[in-house]
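Notes for the one structure printed next.
The values are calculated or read from the model by the stated rules, or taken from the named source; none is laboratory data. Given the structure is predicted, the values throughout are model-derived calculations rather than measurements. Here the Cβ positions follow ideal geometry from the backbone for every residue, glycine too, while neighbour counts run over all protein chains shown. These accessible areas exclude ligands, DNA and RNA; they are computed on the full protein's heavy atoms, side chains included. Shrake-Rupley method; radii C 1.70, N 1.55, O 1.52, S 1.80 Å.
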Amino acid sequence: KRPEDVIGTHFFAPANVMRLMENVRAAKTGKVAIATAMKLGRTLGKMPVLSGLCPGFIGNRILRVYFGQCDKLMWDGAYPDQIDKAVFDFGFAQGPYAVRDQSGLDIGYQARKAAGGSNERRFLLSDKLCDMGRRGQKTAAGFYRYEPGDRTPIPDPFVNNMIDDLSKDLGIKRRKIGPDEIVERIIYPMINEGAKIVEEGIALRASDVDVTYIHGYGFPRYRGGLMFYADTVGPKKVYAMMKKLEAEEGESMAPAKLLEKLAKSGGTFTGY
């Protein structure tokens, strides 16, 4: 009966370590509730960011794009260790497949099984690995294999052969993909999703997306965050890649209106 007093607080695992705290406002959330949640974050030593309400909020909404593009590259020709190395060399502490092994492949797998299963291509490999008992570090095998008592991921030719066979079954002709292309095809769609989040008002400003990704998702600090990095390479370059991806992959990769505006005007996300 008091919607103005309702606000969500989204902590990041492990909550005692991760500094990011997304405070999620609903349509009728009042200023007092927002101010209280933001002060709570600072009192707890967190880095609070205000987000609007949408599936995934700011961080996880972009994360879906991140994982989706990684898997697209995997089917097209890059192997998990190649993708992880390109992302690591870009500045992330870990690549996406090492992260998934660490978290456990069975978490999403069990959720999909409970919901009746999924035929989505992006889950095809991880679900098959789980069916085989390869659930990540906890079973010493997932996308990578692991020696007893050692968490160092070891590329597994068995998994790469599985990827080759599954790509063939899907009718995909694999090709060699270099590290620069891997980074651009992952990071630029993430920037594009960030631009949509800003133009929709889910994030109040572009720098909120930067703070979210630096403090919650390990984006390299020296690159300044997703949207700041977009300014360093130039929105025009990001827009050109999104037009290319739109032609290849369809409407889901269409450039954000804000990105298009900045690319054509020579503007930047700084100050937005």
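Would you mind finding the one in 251, 193 that is open to solvent by 40 Å² or more (accessible area, probe 1.4 Å) and not aromatic (Phe, Trp, Tyr)?
Unique residue meeting the criteria: 251.
Going by the conditions given, is residue 186 open to solvent by less than 10 Å² (accessible area, probe 1.4 Å) and among the hydrophobic types (A, V, I, L, M, F, W, C)?
Criteria met by residue 186.
Does residue 118 meet the test of being free of Cβ contacts under 8 Å to residues at least 24 places away in the same chain and small (Gly, Ala, Ser)?
yes
Within segment 110-121, can one find any residue that is within 20 Å of residue 81 (Cα to Cα), under 24 Å from the mean Cα position of the chain (by Cα) and open to solvent by less than 90 Å² (accessible area, probe 1.4 Å)?
No - not one qualifying residue is present in segment 110-121.
Can you name the condition, by its number, that residue 156 falls short on among (1) farther than 18 Å from residue 82 by Cα; (2) open to solvent by less than 60 Å² (accessible area, probe 1.4 Å); (3) not polar (S, T, N, Q)?
The number of the failed condition is (1).
Could we say that residue 28 is in contact with a helix residue (DSSP H, G or I) (Cβ under 6 Å, 6 or more places away or on another chain), among the charged types (D, E, K, R) and either assigned to a loop (DSSP other than H, G, I, E, B) or more than 30 Å from residue 156 (Cβ to Cβ) (or both) here?
Yes: the conditions hold for residue 28.
Answer with yes or no whether residue 171 is open to solvent by 40 Å² or more (accessible area, probe 1.4 Å) and over 20 Å from residue 83 (Cα atoms).
Yes, satisfied.
Inspect all residues belonging to segment 61-80 and state whether any of them is of a type in the set (Gly, Ala, Ser) and without any contact (Cβ under 8 Å) to a residue 24 or more places away in the chain.
No; the residues of segment 61-80 include none that is of a type in the set (Gly, Ala, Ser) and without any contact (Cβ under 8 Å) to a residue 24 or more places away in the chain.
In segment 87-107, what count of residues is obtained for those that are in a helix (DSSP H, G or I) and within 15 Å of the chain's Cα centre (by Cα)?
Selection size over segment 87-107: 9.
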